[in-house]
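Written below as structure tokens is the structure these notes are about.
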Amino acid sequence: MPETGYFHLHLVSDATGETLITVARAAAAQYANVSPVEHLYPMVRSKKQLDHALAEISESPGLVLYTLLEEDLIQSLEKKCRELGLPCMSVLVPGVMVASAVENLTRPLVVGLYASPERIVQIRENRLLGLRAHRDDDQYIDKMAVAEEVSFSRRLCARRNWPTIDVTRRSIEETAAAVMRLLSERRRHPVA
């Protein structure tokens, strides 16, 4: 990422992109000297829609984040990003390890957001219904698999001493306020 100025941030979603925008803005807020130029591609559910996004990504290279479920769209997006030499990452994270760049940061504010497995399964089932998507991999909505995802994430945060927030019954505004409190505490009590 450049030291000052801006960078292009491409957000590719098969839904509205709200989750993607929230995650991207939270990550970008960590960099005071650079600002993202956001390019949002919502409702990307076909090859034609993805091709439109890929054309714009090629014209304005930058970081690519996505929330896609269709494997063929994921493969096409990741392949093109590899060809262009661009970082490309899913923000939906089963089996995705923490990026080494994050692990090498000095005192980052990383906040783990988690919900009950039941709530996550409910959200995922609704998402699949809304997308009329079929998943051969039922781990996405399997309660035991989701419970393991939540457990893994909480253990990861505990090992790194990252704070966590249970968002099972919190609004986005309540969650944002809790994160802002953590940020405020961090600024009031810096470690030398």
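The values are calculated or read from the model by the stated rules, or taken from the named source; none is laboratory data. Fair warning: this is a prediction, and the values are worked out from it, not measured in the lab. For neighbour counting, all protein chains shown are included, and Cβ atoms are generated from backbone atoms with ideal geometry for every residue, glycine included.
Data table
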{"item": "Residue within region 124-136 that is buried (at least 16 other Cβ atoms within 10 Å of the Cβ), farther than 23 Å from residue 74 by Cα, modelled with pLDDT of 75 or more and outside the structural domain of residue 72 (by TED's automatic domain parsing) present", "result": "no"}
{"item": "Single residue of 151, 171 found to be of a type in the set (S, T, N, Q) and either buried (at least 16 other Cβ atoms within 10 Å of the Cβ) or at pLDDT 90 or above (or both)", "result": "171"}
{"item": "Restricting region 101-122 to residues that are more than 16 Å from the chain's Cα centre (by Cα) and farther than 15 Å from residue 144 by Cα, the residue that is modelled with the lowest pLDDT", "result": "103"}
{"item": "Breaking point among (1) more than 16 Å from residue 89 (Cβ to Cβ); (2) modelled with pLDDT under 95, for residue 22", "result": "(1)"}
{"item": "Answer from 93, 64 - the residue that is out of contact with any strand residue (DSSP E or B) (no Cβ under 9 Å at 6 or more places or on another chain) and of a type in the set (Val, Ile, Thr)", "result": "93"}
{"item": "Among the residues listed as 71, 78, 83, the single one being in contact with a strand residue (DSSP E or B) (Cβ under 7 Å, 6 or more places away or on another chain) and either among the polar types (S, T, N, Q) or in the same structural domain as residue 47 (by TED's automatic domain parsing) (or both)", "result": "78"}
{"item": "Index of the failed condition, residue 107 passing every other in (1) free of Cβ contacts under 8 Å to residues at least 60 places away in the same chain; (2) farther than 19 Å from residue 7 by Cβ; (3) in a loop (DSSP other than H, G, I, E, B)", "result": "(1)"}
{"item": "Top-ranked residue in region 62-91 [being surrounded by 11 or more Cβ atoms within 10 Å (Cβ to Cβ), in a loop (DSSP other than H, G, I, E, B) and free of Cβ contacts under 8 Å to residues at least 40 places away in the same chain; ranked as nearest to the chain's Cα centre (by Cα)]", "result": "87"}
